[in-house]
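Enquirer: Sharing a structure with you now.
The values are calculated or read from the model by the stated rules, or taken from the named source; none is laboratory data. Here the structure is a predicted model, which is why all the values come from computation and not from measurement. Backbone-built Cβ (ideal geometry, glycine too); neighbour counts: all protein chains shown. Heavy atoms of the whole protein, side chains included, go into the accessibility calculation; ligands, DNA and RNA do not. Shrake-Rupley method; radii C 1.70, N 1.55, O 1.52, S 1.80 Å.
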Amino acid sequence: MGMTTADEIEARILDLLSAKVKSETAVTRETNIVADTGLDSVSVMDFVLELEDEFDINIPLDRIAEVKTVADLAKAVQDLGKTS
Amino acid sequence: MGLKDRIAAVEANYGRLRALGRDPSRLEFQNVWSPTEATLEGRPMMLFGTNNYLGLTFDPNVLEAATAATRALGSGTTGSRIANGSYGGHKALEAEIARFYAKQHCIVFSTGYVANIGMITALGGKDDVLLIDADSHASIYDGCKMADAETIRFRHNSPEDLAKKLRRLEGHPGDKIIIVEGIYSMLGDTAPLAEFAAVKREAGDNVYLMVDEAHSLGVLGESGRGQCQAAHVEDDCDFIVGTFSKSVGTIGGYCVSNVEGFDWIRSFCRPYMFTASMTPGTVSTARAAFRRMAERPELRAKLWSNSAALFRGLGDLGFETGPEVSPVVAVKLPAPEVAVALWNRLIDEGVYTNIAIPPATPNALSLLRVSVSAAHSEAQIERALGVFASVGAELGIIEPGTARGERFQVITGGAAAKEAGRTRTAQQGSANAAATR
Ligand SMILES: Cc1ncc(COP(=O)(O)O)c(C=O)c1O
């Protein structure tokens, strides 16, 4: 986990999120995960379950609440990976 | 986002669905005259959308206890137990519930919601971790939000996912509190508590299991204690939380435990300390209802035979239901619009159910939550199935008169199908209502 770079994490999240989002507009690192994707709050939490498996980390709910964009999420994943 | 934006967002979200029919949050029952019957829009309704599992809300002993206590002790306590003192009834109720569970301690709260936020904020301190089932009730989520602890969510009913998450916490110094429910209120499925308890034991010291038996009290287990009893893991359930708002038929909540020093929680649990205590009437109602529950185990048996009849009946008609026979029968529908249409047509025909659509549901499901009571008669269930058959076919949700439909007629003797044609017994029902008042 410590070996994964920020860019790799971001790329992987973008892959996984794009597969979830039905809208036409492309998902980028600036995409606001709630406002721009059409995902409701529960779907976002469910997406986080996938990320926890993918990166073998626990992501506490209060950390998700702080996240706005894909880039924020990638940063949170990277931070949590370092400490676990 | 300010208030105006939030209101606009909600209006946009729900306005379209509400335009299709009634507003579920603004229904008004003009009269309720039994656990299963009420008047809505001036017409009689069969209630299949309550949590009145044992039908105790009109039990004469319960009503007598409630009125006697209200007369004797007044309508309210006007304060919290910490600031204004307990009444004898609060203490007696706690002792009786502890005895019912064969646990050492019990704390009673003002509602089930308050019991959950109270216990979760008390248990989840700054360096602790709360691990909650993904499908947890809002009161559990809200408790976690209020608590100083971190919250980690695991996949619904997945002891494997919980184990994985606990493994990642190895070496973490704080307490870990696992929170699950006995029966889940939307799909009616039960938690695999034996497996969860095993994961808890495996995880070592300072790992606790809290079970919310809101929908399973009086419903599951040999003496009605809930899923902890049914799964034979009561010793592993460190904190059992419940509510009086469902099978007990009033309001209030509780937590029982064998954890040493449990009683001190009263002194730092803010949702216990800073809200008014249960009224004399609700305390006596709860006490009487627990007594009736113990005296009348046949209510639980009737609840289950009714549940099986409704669950199988709906399945045989071709509706997609939840995963197991349960007093909560979920009818899964392909889209929110279909759920809204079915819910409205059922009410037109005298059957009241609950509607649940995303984001209030797991996995973005749209469903009708159909709930069963021991007070339902077989005739009521047959009649409701008849309405489901005709309305379901009319809306194209099920196929009319298919082999499944015929199988259903065999089960119910065909009476339901005949009933389906004449559901507007409004006048008769209102007359009954007036007579019982
Ligand atoms: C699982 C669960 N827990 C807690 C509650 C809260 O109970 P109460 O209605 O007593 O506040 C409910 C119901 O509302 C529930 O379904």
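Enquirer: Just one of (1) modelled with pLDDT of 95 or more; (2) touching a strand residue (DSSP E or B) at 6+ places or on another chain (Cβ under 9 Å) trips up B:Ala68, so point out which.
Expert: Result: B:Ala68 passes all but (2).
Enquirer: Next question, about the same structure. With the condition being open to solvent by 30 Å² or more (accessible area, probe 1.4 Å) and more than 30 Å from B:Ala149 (Cα to Cα), I'd like the helices (runs of 4 or more DSSP H) fully within the stretch A:1-72 carrying at least 2 qualifying residues.
Expert: A:6-20
Enquirer: Right, something else. Within the stretch B:347-367, count every residue that is within 17 Å of A:Asp46 (Cα to Cα), open to solvent by 30 Å² or more (accessible area, probe 1.4 Å) and part of a loop (DSSP other than H, G, I, E, B).
Expert: 4
Enquirer: Name the one entry in B:Gly261, B:Gly249 that is open to solvent by 20 Å² or more (accessible area, probe 1.4 Å), modelled with pLDDT of 95 or more and either within 14 Å of chain A (Cβ to nearest Cβ) or within 16 Å of the ligand (Cβ to nearest atom) (or both).
Expert: Answer to the check: B:Gly249.
Enquirer: If I ask for residues that are more than 10 Å from every other protein chain (Cβ to nearest Cβ) and within 22 Å of the chain's Cα centre (by Cα), which ones from the stretch B:124-155 would you list?
Expert: Passing the criteria: B:Asp133, B:Ser136, B:His137, B:Ala138, B:Ser139, B:Ile140, B:Asp142, B:Gly143.
Enquirer: Of all the residues that make up the stretch B:317-346, how many are more than 22 Å from B:Glu37 (Cα to Cα), in a helix (DSSP H, G or I) and out of contact with any Gly (no Cβ under 8 Å at 6 or more places or on another chain)?
Expert: The total comes to 4.
Enquirer: Could you check the stretch B:83-119 and list, in sequence order, the residues that are within 16 Å of the ligand (Cβ to nearest atom) and open to solvent by 50 Å² or more (accessible area, probe 1.4 Å)?
Expert: Across the stretch B:83-119, the qualifying residue is only B:Tyr113.
Enquirer: Now a separate question. Count, please, the residues in the stretch B:17-69 that happen to be of a type in the set (Val, Ile, Thr) and more than 19 Å from B:Ala286 (Cβ to Cβ).
Expert: Of the residues in the stretch B:17-69, 3 are of a type in the set (Val, Ile, Thr) and more than 19 Å from B:Ala286 (Cβ to Cβ).
Enquirer: If we keep just the residues of the stretch B:120-157 that are polar (S, T, N, Q) and open to solvent by less than 20 Å² (accessible area, probe 1.4 Å), which is farthest from the ligand (Cβ to nearest atom)?
Expert: B:Thr151
Enquirer: Looking at this structure, is A:Ala71 modelled with pLDDT of 90 or more, small (Gly, Ala, Ser) and over 28 Å from B:Gly143 (Cβ atoms)?
Expert: Spelling it out, A:Ala71 is indeed modelled with pLDDT of 90 or more, small (Gly, Ala, Ser) and over 28 Å from B:Gly143 (Cβ atoms).
Enquirer: Go through A:Val34, A:Val21, A:Val48, A:Val77 for me and flag whichever is at pLDDT below 90, within 14 Å of chain B (Cβ to nearest Cβ), touching a helix residue (DSSP H, G or I) at 6+ places or on another chain (Cβ under 7 Å) and on the phi < 0 side of the Ramachandran plot.
Expert: Exactly one of A:Val34, A:Val21, A:Val48, A:Val77 is at pLDDT below 90, within 14 Å of chain B (Cβ to nearest Cβ), touching a helix residue (DSSP H, G or I) at 6+ places or on another chain (Cβ under 7 Å) and on the phi < 0 side of the Ramachandran plot, namely A:Val34.
Enquirer: Condition check: open to solvent by 20 Å² or more (accessible area, probe 1.4 Å), away from every other protein chain (no Cβ under 12 Å) and more than 16 Å from the ligand (Cβ to nearest atom). Does B:Asp175 satisfy that?
Expert: yes
Enquirer: Also, quick follow-up: Confirm whether B:Met278 is within 16 Å of the ligand (Cβ to nearest atom) and in contact (Cβ under 8 Å) with a residue 40 or more places away in the chain.
Expert: yes
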